[in-house]
Amino acid sequence: MQVREYRPADWPQVWPIVREIVRAGDAFVYDPAMTEEQAHNIWVLGPPAITLVAVADDRVLGTANAYANRPGPGAHVSTASFMVADDARGKGVGTALCRSVMEWAKERGFVGMQFNAVAESNHRAVDLYRRLGFEIVGTVPGAFRHPTLGRVGLHVMYCEF
């Protein structure tokens, strides 16, 4: 598996991953009815941000993006988002993507990475982030409407570099 920068030719493989995850409504705070154009505009970010893909045998297995969490006085902290194809989960794709964006952020002088809205019910993601050094610094109770679990908390997670 290789993690590399996104190319426009990757979109036909990235869009089904994004569509599936967003429509499931159990991990991201995106509108499940978002269109392909809206998804592209939200997900594919140009400099100074980055969008990445994890690829094996010309197949996109997952994708990530990373950028400054906030402008101005908050621009020294980065943030990132990750999506992995259903049949590629549990195979190290998310770990590779997360390590890649963390390295990207460190190389650009960010002092840490903050995840603003990790559904507490997304145990795989929470466990992965903890393994890579992130801590839960707060939880907003009931801030996420999970499609089957009802209202669950949203974690704010942080890793100082």
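The values are calculated or read from the model by the stated rules, or taken from the named source; none is laboratory data. A quick note: this is a predicted structure, and the numbers were derived from the prediction, not measured. Ideal geometry is used to build each Cβ from the backbone, glycine not excepted, and the neighbour counts take in all protein chains shown. The accessibility values were calculated without ligands, DNA or RNA, using every heavy atom of the protein model including side chains. Shrake-Rupley method; radii C 1.70, N 1.55, O 1.52, S 1.80 Å.
Given the criteria in contact with a Pro (Cβ under 9 Å, 6 or more places away or on another chain) and either open to solvent by 10 Å² or more (accessible area, probe 1.4 Å) or under 24 Å from residue 11 (Cα atoms) (or both), does residue 68 qualify?
yes
Restricting attention to segment 106-120, and to residues there that are over 8 Å from residue 154 (Cα atoms), in contact with a strand residue (DSSP E or B) (Cβ under 7 Å, 6 or more places away or on another chain) and assigned to a loop (DSSP other than H, G, I, E, B), which single residue is most open to solvent (accessible area, probe 1.4 Å)?
111
Being in a strand (DSSP E or B) and open to solvent by less than 80 Å² (accessible area, probe 1.4 Å) is the requirement here; does residue 96 meet it?
No, not satisfied.
For residue 87, indicate whether it is of a type in the set (Asp, Glu), over 21 Å from residue 127 (Cβ atoms) and either under 12 Å from the mean Cα position of the chain (by Cα) or open to solvent by 10 Å² or more (accessible area, probe 1.4 Å) (or both).
no
Collect the residues in segment 1-41 that are under 24 Å from residue 155 (Cβ atoms) and open to solvent by 70 Å² or more (accessible area, probe 1.4 Å), keeping them in residue-number order.
20, 23, 29, 31
State whether one or more residues within segment 141-149 are assigned to a strand (DSSP E or B) and open to solvent by 80 Å² or more (accessible area, probe 1.4 Å).
Scanning segment 141-149 turns up at least one residue that is assigned to a strand (DSSP E or B) and open to solvent by 80 Å² or more (accessible area, probe 1.4 Å).
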